[in-house]
1. Any chance you could run the full-extension gain for ASP73 through LYS52? It's 0.36 nm times the residue separation minus the Cα-Cα distance, nm to one decimal.
2. On a full-extension model of 0.36 nm per residue, what is the gain between SER88 and ILE221, subtracting their alpha-carbon distance, rounded to one decimal in nm?
3. Top to bottom by accessible area (1.4 Å), largest first, where do GLU76, GLU139, GLU274 land?
4. Would any residue of the stretch 211-232 have its amide N under 20 Å from a label point 7 Å out along Cα→Cβ of LEU267? List them or say none.
5. Set the bar at 25 Å for Cα to Cα. Now go through LYS114/LYS223; LYS114/LYS203; LYS161/LYS190; LYS59/LYS190 and name every pair that lies beyond it.
6. Rounded, prolate or oblate, given the Cα gyration tensor of the stretch 45-183, with a/c below 1.5 counting as rounded?
7. Run the dipole for the stretch 45-183 about the Cα centre, Lys and Arg Cβ at +1, Asp and Glu Cβ at -1, nothing else charged, and hand back the magnitude in debye, nearest 20.
8. Please list LYS118, LYS203 from largest to smallest accessible area, probe radius 1.4 Å, with all protein chains kept in place.
Amino acid sequence: MANNGPNWDGLLKWSLSHSDGASPSHRLSEEDRKWFMEAMQGHTIDSISRMKQISQIMKMPEQVLEAQGVTSDDLEGMLDELQEHVESIDLANDLHSIGGLVPLISYLKNSNAKIRAKSADVLTTVVQNNPRSQQLVMEANGFEPLLTNFISDPEVRVRTKALGAISSLIRHNQPGITAFRLANGYAGLKDALVSDTVRFQRKALSLVHYLLQESNSDCRIVKDLGFPRIMIHLASNQDLEIREFALRGLLELAREESERNLDRADLNLRQLLEERTRSIIAMSDEDLSAVREERELVDILWTVCYDEPSCLRQRGLVYLPCDDELAPDVVSDRFEPPLRAWAARRNDETSEPPVLLLLGPAR
């Protein structure tokens with residue numbers, strides 16, 4: 001693809017030569033402007049054309065592709081290329097109109113596990129922070145095969161990729177959240193949490209935390225399915241991200257005081273927090289810096305559960321001199337790509353444009 005695409009290095013050099021990093025060094029000539037617009041338009045046309053070609057290939061039966069000598073590695077490389085194109089939110093939304101979304105969804109049922117996993121990976125990119133494509137995938141019945149792969153695929157890699165796609169599909173998408181709940185998706189999350197695959201556990205904990213934030217009623221579902229016991233166990237895991245996400249989930253449960261979704265008298269919970277506190281106290285300065293968010297979570301969870309300051313706070317280990325001035329945001333979604341998130345929000349901005357400030361003396 002790199003050999004056939006536009007010369008991005010040349011475009012970058014041209015752009016830099018016409019700018020000092022703050023403002024254009026001179027007015028762009030009409031000839032240069034026309035050249036640049038044609039180059040960018042050509043790139044877009046080439047991308048659409050290539051996406052159409054890939055869509056046609058995905059529509060071909062597996063036996064036909066095999067007869068033509070097309071291997072699973074070839075198809076995986078083709079999907080890699082498609083994923084590069086749909087990184088653009090506009091091209092992601094164009095995928096359905098050019099006939100590529102439905103065959104991509106059909107690849108979730110491919111006989112080859114690598115293709116099932118990769119197609120879920122591409123769908124993740126298509127729907128991530130993209131309400132329009134989320135809607136299109138739901139309307140094209142893409143949720144059902146993703147859920148099937150997540151719950152019952154024999155390959156854990158396929159299950160993990162399907163969970164990642166589901167997580168991106170239903171975030172900020174109420175119909176998707178409702179579909180997940182009605183399909184007993186929480187049972188699949190419970191299976192993921194007790195697996196021995198770190199990435200699978202991380203993705204499951206991340207989605208659990210998000211769903212608990214979105215709906216207080218889901219706290220009762222999680223409690224009834226026995227999630228608190230599992231999350232207490234995972235909160236002492238060797239993997240830092242698993243510990244953090246488990247603590248986040250426990251904190252969401254603890255904050256729902258009226259329902260008592262987290263038994264604060266549970267000796268296992270108190271033992272967990274005491275053990276994590278002792279472990280943090282024994283850490284070196286370098287390790288303390290690495291577990292900044294965990295320190296914050298343990299402190300808040302202890303305070304919420306037992307109505308008293310934690311030992312970490314008493315020892316001054318919640319915030320250290322080397323920490324930034326702002327406390328960590330322990331409830332934000334750390335995996336949201338900033339550029340795609342910005343693109344998803346730009347249509348929602350209703351504020352007036354900022355007033356330009358005139359620098360220098362008035363005339």
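The values are calculated or read from the model by the stated rules, or taken from the named source; none is laboratory data. In this text, all values refer to a predicted model and were calculated from it rather than measured experimentally. Cβ placement follows ideal geometry from the backbone for every residue including glycine, while neighbour counts extend to all protein chains displayed. Areas reflect the complete protein model, heavy atoms only, side chains present, ligands, DNA and RNA absent. Shrake-Rupley method; radii C 1.70, N 1.55, O 1.52, S 1.80 Å.
1. Here the segment from ASP73 to LYS52 would lengthen by 5.6 nm.
2. Residue separation times 0.36 nm, minus the Cα-Cα distance, leaves 44.2 nm.
3. Of GLU76, GLU139, GLU274, the descending order of accessible area is GLU139, GLU274, GLU76.
4. Of the residues in the stretch 211-232, 228-232 have backbone N under 20 Å from the label point off LEU267.
5. Details: LYS114/LYS223 35 Å; LYS114/LYS203 19 Å; LYS161/LYS190 16 Å; LYS59/LYS190 35 Å.
Where the Cα-Cα span goes over 25 Å, the pairs concerned are LYS114/LYS223; LYS59/LYS190.
6. oblate
7. Working: 13 positive and 17 negative charges, 107 e Å.
Around 520 debye, computed over the stretch 45-183.
8. LYS203, LYS118
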